1. Is it fair to say Ser400 is touching a residue at least 12 places away in the same chain (Cβ under 8 Å), within 26 Å of Tyr291 (Cα to Cα), under 23 Å from the mean Cα position of the chain (by Cα) and part of a strand (DSSP E or B)?
2. Exactly one condition in (1) modelled with pLDDT under 95; (2) in contact with a helix residue (DSSP H, G or I) (Cβ under 9 Å, 6 or more places away or on another chain); (3) not in a strand (DSSP E or B); (4) not aliphatic (A, V, I, L, M) is false for Tyr255; which is it?
3. Mind checking which residues of the range 51-86 are hydrophobic (A, V, I, L, M, F, W, C) and either at pLDDT below 85 or surrounded by fewer than 18 Cβ atoms within 10 Å (Cβ to Cβ) (or both)?
4. Of the residues that make up the range 647-666, is at least one in contact with an Asp or Glu (Cβ under 8 Å, 6 or more places away or on another chain), in contact (Cβ under 8 Å) with a residue 40 or more places away in the chain and not charged (D, E, K, R)?
5. Considering each residue of the range 510-530, count those that are assigned to a loop (DSSP other than H, G, I, E, B) and under 26 Å from the mean Cα position of the chain (by Cα), and give that number.
6. Going residue by residue through the range 624-642, is there one that turns out to be at positive phi, under 27 Å from the mean Cα position of the chain (by Cα) and in contact (Cβ under 8 Å) with a residue 40 or more places away in the chain?
7. On the basis of being hydroxyl-bearing (Ser, Thr, Tyr) and more than 30 Å from Asn327 (Cα to Cα), does Tyr463 make the cut?
8. Spot the failing condition for Gly151; the list is (1) surrounded by fewer than 20 Cβ atoms within 10 Å (Cβ to Cβ); (2) under 30 Å from Thr372 (Cα atoms), and only one is missed.
Amino acid sequence: MKIFISVFPLRGTLVGCLWCALFCGIFTPKLSAQETPADSLKLINLTEVVVISTGKKLDHQKQRKPLSTLDEFLESSRSINMVKRGAYAWEPTMNDMASERLAVTIDGMQIFGACTDKMDPITSYVDVSNLSEAQIGSGQQGAVFGNTIGGGINLKLDKSNFKPTGWNGSLESAFETNNKMRVFGGELNYSDEKFYANTDVIYRKADDYKAGGNKEVNFSQFEKYNFSVNSGYKLTDDKFISATLIYDEAKDVGYPALTMDVSLARAVIGSVSFNQDTLFGNLSNWESKVYYNTIKHVMDDTTRPDVVIHMDMPGWSETAGFYTQANFNKENNHFFFKMDGFYNKSYAEMTMYPTNSNEPLMFMLTWPDVHTKDVGFYAEDHINFEKSSLKLSTRLAYHSNAVADDFGLNSLKIFYPEMEKTNSRFLKSFSAQYHTPLSDFHFNGGVSYGERAPSVSEGYGFYLFNSFDNHDYIGDPNLNTESSADANVSLTYKRPVFEITATANYFHIFDYIIGKVDSSLSTMTIGADGVKIYTNLEYAQLFNASFSGRYNISNAFKLTGNLSYHRGVDNDGENLPLISPVSYRSALDFYKNQYSVSLSVEGTGEQTNYNPAYGETKTAAYATLSASFGKRFFINESDLFVKAGIQNIFDTYYSSYTDWNNIPRMGRNIYTTISYSIN
């Protein structure tokens with residue numbers, strides 16, 4: 001599997017200024033002269049931020065499980081669920097939509113996975129050790145990160161940003177009993193008013209984990225290294241340059257839910273950026289970045305017993321890109337402009353080795369060297385009225401695919417004789433979000449429209465085996481552009497002691513892309529039940545609602561909880577796959593005198609709205625209980641933090657709707673974390 005992906009986000013200041021001038025000239029409502037409160041801007045964005053690091057690596061007290069995997073951090077979000085094919089590299093979903101319908105970036109950089117089986121989501125190529133937070137935008141609130149239907153996730157890197165802290169460093173280690181996971185990490189940082197440099201390294205190694213009842217889940221091991229360095233240098237008081245390099249390598253990664261494992265998943269990610277605090281007039285916070293990344297991914301089945309026919313499925317991904325963005329403030333209008341684009345190559349191959357060595361090898365391109373170009377412009381305006389605010393945003397993009405490999409092109413022409421080598425589309429999105437305070441209440445509501453192009457697999461995939469429904473999949477290069485009209489609403493009642501929020505959103509997705517059986521085609525994979533071709537349904541509907549709350553029992557005790565409901569059907573009223581049943585989570589946290597204690601419960605109801613046509617089976621309701629205890633010590637100018645916890649206290653055996661082929665989740669697991677920092 002070879003995949004080359006290149007991404008160029010560009011962000012235009014000149015175009016932005018012209019757009020801004022035109023907009024301000026024709027839309028000047030009667031506004032209050034006061035600035036929009038920062039909290040108001042957060043509310044109107046309808047975003048969530050998952051804090052991973054506060055800039056002090058040892059400030060772990062409010063993290064129930066420090067040094068957990070990034071997958072676990074993201075799963076703690078109210079907005080994100082994770083599809084699990086093993087213990088490593090879970091795939092994030094938002095609003096019950098998977099990665100094809102999301103925009104996922106690392107520090108604003110576009111990166112594309114190198115695996116046709118989605119074994120390497122973008123989130124698998126970074127680690128909690130080099131991140132500060134995950135910025136989450138639902139629906140078109142995530143369009144700032146790229147073309148999307150379901151939303152966007154930006155994994156923001158942790159940087160010193162010219163804080164006068166001098167030298168500091170830390171050593172961290174963790175151990176988990178269930179799968180004997182060992183974690184070792186460290187960092188060395190320097191920062192002053194003119195220069196900063198952050199270096200970080202972390203190593204994780206885990207054996208097979210055990211489900212509830214001490215039942216071992218074979219082929220669930222993994223090993224991972226991650227190294228990162230980022231630095232910045234101030235040219236003047238308001239100008240600086242910065243650079244980032246990340247090296248991530250995972251090997252011997254087992255996927256118990258799939259028929260193959262991964263012998264290597266490697267990424268090299270680099271960037272250089274220029275920042276200027278002020279430009280001219282009211283333009284400010286100008287940032288421009290160029291970046292490049294390359295990924296190699298190798299699927300492997302040599303460690304699996306009873307393999308009918310051995311296969312090699314390597315992949316490569318290559319991404320280069322740039323963006324430029326700036327803010328523009330004029331009285332009560334707060335603009336943000338960004339221009340971006342990318343050039344992408346995707347190539348994947350498969351070689352099958354017959355048991356009889358005298359028989360010829362079988363070879364095919366599963367991604368036929370697809371080159372994708374995308375150039376886009378994003379703009380938003382926060383408008384502050386006397387007691388309310390409005391955010392308007394739009395994204396316009398030109399998107400083009402071209403098949404560069406003649407062998408791959410001719411393979412697809414078996415099914416689509418008239419297909420063109422190049423396919424171009426114009427993608428659009430628009431959003432309006434309104435916020436107003438009503439005494440102790442905050443009301444947010446909005447409507448959006450967005451479009452996305454088919455993924456490489458959906459458009460050009462060639463006999464991609466899906467073990468979930470046991471079918472081979474073939475792409476369709478002539479798919480229509482998928483589009484979505486959505487509406488969202490939230491109401492928050494906020495008091496100093498407690499806060500309650502009710503939210504809901506509805507997506508009506510036109511030309512919904514999904515695989516449908518074509519009984520006239522023969523399978524390529526031995527044992528597959530049939531062949532599905534990606535096609536456009538007339539429409540699909542998704543509805544999500546949640547109720548969350550926080551109650552400060554005292555200065556030390558805090559109680560939080562969240563309850564959510566989800567529903568998804570197609571135009572025939574049939575259930576869509578991977579839609580969450582009713583789910584809930586609640587936690588009681590204690591923080592005082594450098595002590596931290598937490599008791600949490602999470603679970604789901606029975607999955608009744610499932611669809612066997614997509615390989616789904618009913619999953620039972622479950623609930624798990626977890627607890628943790630931590631203490632921070634101050635030793636001269638150093639810090640020592642120790643935390644221990646136990647997950648799934650009652651060793652429950654269970655799986656959820658997001659567990660591929662119903663693989664069971666981890667049973668009882670005791671973990672310890674030790675962190676030592678020198679300031």
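The values are calculated or read from the model by the stated rules, or taken from the named source; none is laboratory data. If you're wondering where the values come from, they're calculated on a predicted model, not measured in any experiment. Cβ: placed from backbone, ideal geometry, glycine included. Neighbour counts: every protein chain shown.
1. In short, no.
2. Failing condition for Tyr255: (1).
3. Val51, Ile52, Leu58
4. Within the range 647-666 (the criterion being in contact with an Asp or Glu (Cβ under 8 Å, 6 or more places away or on another chain), in contact (Cβ under 8 Å) with a residue 40 or more places away in the chain and not charged (D, E, K, R)), the answer is yes, since at least one residue qualifies.
5. The total comes to 2.
6. Checking the range 624-642: not a single residue is at positive phi, under 27 Å from the mean Cα position of the chain (by Cα) and in contact (Cβ under 8 Å) with a residue 40 or more places away in the chain.
7. yes
8. Of (1) surrounded by fewer than 20 Cβ atoms within 10 Å (Cβ to Cβ); (2) under 30 Å from Thr372 (Cα atoms), only one is false for Gly151: (1).
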